[in-house]
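What follows is calculated from the coordinates using simple rules that are stated; it is not laboratory data. Since this is a predicted model, take the numbers as computed values, not measurements. Here the Cβ is made from the backbone with ideal geometry for all residues, glycine too, and neighbour counts use every protein chain on show.
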Amino acid sequence: MRADLRFDWTIPEPTGALDRFMGPGKSRGETAVEVVGGVVAAGLIGWFVWRTGGVTGWRLALVAVLALDLAGGVLTNATNSAKRWYHRLPAARPRLVFVSAHVLHLAAVAAFLGGTWTWFLVNALLLLGSAVLIESMPVELRRPVAMALLMALFLINLGWLPAVLAWFPALFYLKLLVCHLVPEAPLHDR
């Protein structure tokens, strides 16, 4: 480890609702990566969806919202500020509530984008069961367990959704299982 790096668990006082949702004390660099990376990733998803075809009109707008939320969410939940904020308390409940709210994403895919209700039910159960399993693991096992679950759930979904949605399970489970639920030490070089 570089000598100039240090752990910084200090959580600045949140200044508003956005800070309470994304984590207070976000650096300019974190914000830049979130915005630029999220827009680029969502743009690439849009290009993929357009090339693949089959999604038009308001369904394309729904795909755009999901893509922005998932791509931006992967990056936001990977920041030091979000890690400090969501893992400041040992209680798993707030993190599990955040994950549970994303069942609505699964419902949107099932209702409007070619997923089935069986797909929805299976993935909702897999999401919630995986989240509880990760939270029940000792901290040193959370990352490898989350990665194993990410791979398994991606592969389970690989041929189940229409090709135009092949990106969805990868980003969905990456955001929630790996980026949101896995605690990390917030390193800074300032």
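Applying both filters, DSSP loop and at most 14 other Cβ atoms within 10 Å, to the trypsin sites (Lys or Arg not before Pro) of segment 1-94 gives 2, 88.
The C-alpha atoms of the chain define a longest principal axis, and helix 103-112 lies at about 20 degrees to it. Between the helical axis of 117-136 and the longest alpha-carbon principal axis of the chain there is an angle of about 20 degrees. The slack between residue 163 and residue 27, meaning 0.36 nm per residue of separation minus the straight C-alpha distance, is 45.3 nm.
Largest GNM mean-square fluctuation across 137, 147, 22, computed for the chain with C-alpha springs under 10 Å, falls on 137. Residues of segment 1-43 with an amide N closer than 16 Å to a point placed 7 Å from the Cα of residue 91 along the Cα-to-Cβ direction: none. Axis angle, to the nearest 10 degrees, between helix 139-157 and the longest C-alpha principal axis of the chain: 10 degrees.
Rounded to the nearest 20, the size of the Cβ-charge dipole of segment 13-184 about its Cα centre is 40 debye, with Lys and Arg at +1 and Asp and Glu at -1. Estimated purely from DSSP H runs of n ≥ 4, each contributing -39500 (n - 2.57), the mean residue ellipticity at 222 nm for the chain is -19500 deg cm²/dmol once divided by its residues. Shape class of segment 13-184 from the alpha-carbon gyration tensor: oblate, with a/c at 1.5 or above and b/c at least as large as a/b.
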